[in-house]
Amino acid sequence: MKNGIVEAICICSKRGEPMREVNEVEAIAGAGLAGDRYATGEGSFNRNAVGNRQVTLINGIFFENSPFGYLESRRNIVTLGVELMWLIGREFDIGEARMKGVKYCDPCVRPSKLLNKSEIFSTEFFDRGGLIADILQGGLIKKGDAIILPIKRY
């Protein structure tokens, strides 16, 4: 399994607001990304529950020939060159932060509703919704940072 890179970082401070791209972000252990709704319990899927759904990742290649852009996916970190599902249950590093893959991030209809798009995000990204991860150790994450995968031991 090869390492990947961070293609984009996306956050928004309140549920329902448009996502915005940033060049770097501070990952906060046990909470989420600084400035993002999930770090404060303001996300649609963690209302008043800080630490639930800390960060979401999605593979950037999934946006090729898609009616959705990565900001519209409402995922936090867009990756290239790494199979995210392989990270479920495993620890990995992104920039200065250490994370652990928790579970598959089911695609939902929320992005379509917020954008008033006829294309349904959950259909377009069926089986490609990305990964939910916990932040074990905080630190700075920058666009272009390496995603360092664990060494596979036999």
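Structure notes:
- Taking θ as phi - 60° and the Karplus parameters 6.51, -1.76 and 1.60, the scalar couplings of the stretch 18-34 work out to x, 6, 10, 8, 10, 7, 7, 8, 8, 7, 10, 4, x, 10, x, 9, 4 Hz in sequence order, x denoting glycine and proline.
- Computed from backbone phi with θ = phi - 60° and the Karplus coefficients 6.51, -1.76 and 1.60, the 3J(HN,Hα) list for the stretch 77-90 is 10, 9, 10, 9, x, 9, 7, 5, 5, 5, 8, 4, x, 10 Hz; x is used for glycine and proline.
- Extension gain, residue 96-residue 13: 0.36 nm per intervening residue step, less the Cα-Cα distance, totals 27.7 nm.
- Each residue, residue 24 and residue 140, gets one label point 7 Å from its Cα in the Cβ direction; the gap between the two is 0.3 nm.
Each value in this text was obtained by applying a stated rule to the coordinates, not by laboratory testing. On a predicted model such as this, the values are computed, not experimentally measured, just so you know. Cβ atoms come from the backbone with ideal geometry, glycine included; neighbour counts cover every protein chain shown.
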